[in-house]
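Below is one structure; the comments refer to it alone.
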Amino acid sequence: MPNSAPALKAAILAELGLDDAEPLFGQIPEDHRLREALPLPLPPAITSEVELSRHLRGILAKNRHCLDNISFLGGGCWQHHVPAVVDEIVGRSEFLTPVWGTPSSDLGRNQAWFEFTSQLGALLGMEMVGLPVYSWGCAAGHAIRMAARITGRGKVLVPAEMSPERRMVVDNYCAAAGAGRAIEVVAIATDSATGRLDLGDLDARLGADVAAVYFENPAYLGMIESDAAAIVEAAHKAGALAIVGVDPISLGVLSPPSDYGADIAVGSTQPLGVHMHGGGGLGGFIASRDEAIYAHEYPTLLNSMTRTAAGERVFAMSLMHQSSYGAREEGKDWTGNSTYLWAIANAAYMALLGPLGFRELGALILRRAHDAARQIASVPGISVAHPSGFFKEFVVDFGGTGQSLDAIDEALRVRGIFGGIDLGARLPGREHQALYCVTECHSPADIDRLVTALREVCA
């Protein structure tokens with residue numbers, strides 16, 4: 001590498017006040033670091049593109065994916081149908097190739113972004129929507145930091161049983177809120193009887209130091225928070241903001257967060273026409289009311305419409321100066337641009353569905369998920385923790401089968417089925433339980449195949 005020359009390395013270390021480079025790699029876990037010499041002899045060099053292509057295809061062929069298997073995995077990256085026209089639009093050169101972020105590269109991009117923010121705003125019942133960030137977890141982290149800046153407080157309440165991956169991202173954002181401005185993250189218990197937030201525990205933890213209450217609807221474990229309005233009211237009574245994480249696909253059948261008073265809404269854009277891409281393809285949105293107190297705390301790019309002096313309608317960025325694009329390290333927060341292409345996919349998908357399509361899709365998912373839960377619960381030794389009141393995900397308890405989840409999942413994979421997420425490895429007290437997801441991609445025959453396989457495996 002160009003900076004590997006001894007004089008350059010010495011200059012960099014001197015600037016950092018270090019004697020050697022070892023402290024720079026401290027964040028890499030010890031078991032990820034090579035401490036011994038590479039085994040010799042090394043494999044022979046691949047000398048042609050033909051051989052390299054064959055080699056890489058051989059590696060990729062070892063993967064088992066959701067096109068060739070039935071998947072009941074969810075938890076943050078879900079298998080939803082992506083219409084072919086969405087891929088066609090995303091692949092158009094005026095969207096695929098521009099330099100994202102520079103006005104000179106706008107070939108209709110700003111108008112498409114305006115359609116994305118407008119449609120998502122209509123779905124959420126909120127007037128202001130920023131361009132997407134990297135993930136739902138990043139959106140939640142940004143929103144919590146927004147709330148801390150608005151209220152001047154330093155604590156946030158979050159569900160104890162939220163996605164562990166999302167919780168780690170939130171913890172990271174809150175710990176890195178700035179020197180002397182770290183945000184304390186406090187967990188709210190789950191009511192074991194309902195699977196929803198424990199309102200008594202919420203009330204006990206609210207106080208004058210709480211900047212925001214963050215909860216999800218539907219929750220990570222699938223349950224619909226029927227007490228959402230009460231949660232928001234409790235937050236407001238304590239002077240805190242209410243931030244709600246939502247699955248946008250659910251909003252064809254569930255009330256939007258604005259209906260129960262949420263101040264900021266966040267969530268994933270991946271269900272809106274984006275493939276899973278091997279676990280990638282994620283994006284997160286932030287939305288709020290169109291009020292200055294929120295608008296001036298957005299870290300994201302904001303898109304708007306105006307007219308030129310000649311009366312021509314144009315689309316452009318607004319409040320650019322407060323973002324990291326306009327103010328660099330002095331911006332409200334740092335945000336990247338890797339998900340802006342997905343906003344085009346999201347806009348195309350939402351336009352295709354329309355309000356009636358969202359209602360029909362939401363109703364179909366509700367019907368199939370609850371039907372699947374009933375059939376799974378009919379298998380001896382298996383139960384569903386909360387058999388109603390969920391959207392597309394639900395908790396399946398295998399405690400009565402006498403078998404480990406690892407053994408059950410391996411047996412399902414042999415039959416071409418990916419079982420649910422093992423919760424015992426992720427959440428305390430959820431041993432022998434798995435989170436199953438059912439969407440419009442799961443036909444009645446797919447559910448029958450799963451139930452038949454479970455009867456065989458757990459017999």
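Per-residue 3J(HN,Hα) values for the range 68-75, derived from phi via the Karplus relation 6.51 cos²θ - 1.76 cosθ + 1.60 with θ = phi - 60°, read 9, 10, 8, 10, 10, 7, x, x Hz in sequence order (x marks Gly and Pro). Please grab the % of Cα pairs in the range 216-297 that end up more than 14 Å from each other. Roughly 66 percent, once rounded to a whole number. Ellipsoid semi-axes for the range 85-349, based on the Cα gyration tensor and the rule √(5λ), read 31, 20, 17 Å when sorted largest first. Most simply put, the range 224-376 has about 75% antiparallel DSSP beta bridges, counting only bridges with both residues inside it.
3J(HN,Hα) along the range 29-42, derived from phi through the Karplus expression 6.51 cos²θ - 1.76 cosθ + 1.60 where θ = phi - 60°, amounts to x, 4, 6, 9, 10, 7, 10, 10, 5, 4, x, 10, x, 5 Hz, with x in place of Gly and Pro. Shown for the chain are the DSSP H helices of 27 Å or more along their axis, judged by Cα atoms, with a mean Kyte-Doolittle hydropathy of at least 0.0: 340-377. Short-range pairs are left out: with C-alpha atoms under 8 Å and at least six residues apart, the relative contact order of the range 90-171 is 20 percent.
Here the Kirkwood formula puts the hydrodynamic radius of the range 45-134 at 17.5 Å, using every distinct Cα pair. Computed extension gain for Leu352 through Glu22, at 0.36 nm per residue and net of the alpha carbon distance, reaches 113.5 nm.
Around the Cα centre of the chain, unit charges on the Cβ atoms of Lys, Arg, Asp and Glu (plus for the first two, minus for the last two) sum to a dipole of about 500 debye.
Residue separation of Arg374 and Asp448 scaled by 0.36 nm, minus their Cα-Cα distance, works out to 25.5 nm of gained length.
When only the Cβ of Lys, Arg, Asp and Glu is charged (+1, +1, -1, -1), the dipole of the range 85-349 relative to its Cα centre reaches about 580 debye.
Semi-axes of the equivalent ellipsoid for the chain, computed as √(5λ) from the eigenvalues of its C-alpha gyration tensor and ordered from largest down, come to 35, 32, 26 Å. Only helices enter this figure: runs of n ≥ 4 DSSP H residues, each worth -39500 (n - 2.57), summed and divided by the residues of the chain, yield -11000 deg cm²/dmol at 222 nm to the nearest 500.
Measuring from centroid to centroid over Cα atoms, what is the spacing of the range 372-419 and the range 1-63 in Å? Taking the Cα centre of the range 1-63 as reference, the centre of the range 372-419 is 42 Å away. Shown for Met162, Met168, Met223: other C-beta atoms within 10 Å of each C-beta, ranked fewest to most, produce the order Met168, Met162, Met223. The relative contact order of the chain, computed from alpha carbon pairs under 8 Å that lie at least 6 residues apart in sequence, is 19 percent.
Modelled spin-label separation between Thr194 and Ala5, with each label point placed 7 Å from Cα along the Cα-to-Cβ direction: 6.8 nm. The range 281-302 to the range 113-174: how many Å between their Cα centroids? Between the Cα centres of the range 281-302 and the range 113-174 lies a distance of 8 Å.
Bear in mind that the values in this text are calculations on the coordinates, not laboratory data. Given the structure is predicted, the values throughout are model-derived calculations rather than measurements. So basically every Cβ, Gly included, is an ideal-geometry build from the backbone, and we count neighbours across all protein chains shown.
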